[in-house]
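Accompanying notes for the structure given below.
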Amino acid sequence: SDLKRNFDQIFEKKWEDNDQALAMAMGNVDTLRWGVVSRDERAALVLFTRKIEKMFGVGKFTPSAIKAGFCYFNLMQGKTNPNLQAYQGMLQTDLDRTMQVVLALDNMSGKWNKYDFIRMLGLRFKYGVGADLVMLCQIPHVGQARAKKLKMAKINNVDDFLKHDVNTLM
């Protein structure tokens with residue numbers, strides 16, 4: 001129910017391009033909302049917490065929900081924080097199941113008709129890239145680093161990729 005409420009808000013407010021809001025939609029769920037946040041973790045969250053409080057208001061989220069949101073945000077950015085690495089890994093391990101739940105919500109009760117968006121969001125979490133690089137990451141053996149190199153070479157999608165010979169791509 002938390003994911004449905006959170007994504008209802010994302011789609012109502014047209015925040016599909018707001019990575020902080022998307023991260024908080026994933027992180028502000030009951031199973032993550034009431035955890036412990038250590039002193040070191042709290043220190044790592046300072047800047048992200050300020051951004052979230054500016055966007056949503058002070059006190060809207062528990063520190064543990066912000067911790068989860070920060071980790072989801074890092075997954076989308078392809079980053080990690082040493083103080084939160086284990087927690088981020090736990091979220092990533094459960095990511096396929098969580099995204100299946102969001103897709104099921106879309107089909108059953110949400111009726112958002114956002115299958116492609118939700119699928120792309122899951123791939124963003126998986127590969128740690130922006131929406132502009134997701135298509136490239138679906139090419140075998142292309143992850144975040146190679147997708148960025150391809151983008152710099154003006155290869156933006158699979159069609160562009162297929163137009164180049166193997167030696168050029170190497």
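The values are calculated or read from the model by the stated rules, or taken from the named source; none is laboratory data. Please read these numbers as outputs of a predicted model, since none were measured by experiment. A quick note on method: Cβ atoms are made from the backbone with ideal geometry, for glycine too, and the neighbour counts reach across all protein chains shown. Protein only, heavy atoms only, side chains kept; ligands, DNA and RNA dropped before computing areas. Shrake-Rupley method; radii C 1.70, N 1.55, O 1.52, S 1.80 Å.
Here are some notes:
- Within region 139-152, the presence of at least one residue that is among the β-branched types (Val, Ile, Thr), without any contact (Cβ under 8 Å) to a residue 12 or more places away in the chain, out of contact with any Cys (no Cβ under 9 Å at 6 or more places or on another chain) and open to solvent by less than 100 Å² (accessible area, probe 1.4 Å) is confirmed.
- Count of region 70-81 residues, restricted to those that are at pLDDT 95 or above and open to solvent by 50 Å² or more (accessible area, probe 1.4 Å), is 0.
- Only one entry in 29, 58, 37, 102 is of a type in the set (Val, Ile, Thr), open to solvent by 40 Å² or more (accessible area, probe 1.4 Å) and at pLDDT 95 or above, namely 58.
- Residue 48 within 17 Å of residue 22 (Cα to Cα), open to solvent by 30 Å² or more (accessible area, probe 1.4 Å) and not in a loop (DSSP other than H, G, I, E, B): no
- Residue that is open to solvent by less than 10 Å² (accessible area, probe 1.4 Å), within 17 Å of the chain's Cα centre (by Cα) and closer than 24 Å to residue 127 by Cα, where the choices are 3, 22: 22
- Flag if residue 158 is hydrophobic (A, V, I, L, M, F, W, C) and touching a residue at least 60 places away in the same chain (Cβ under 8 Å): no
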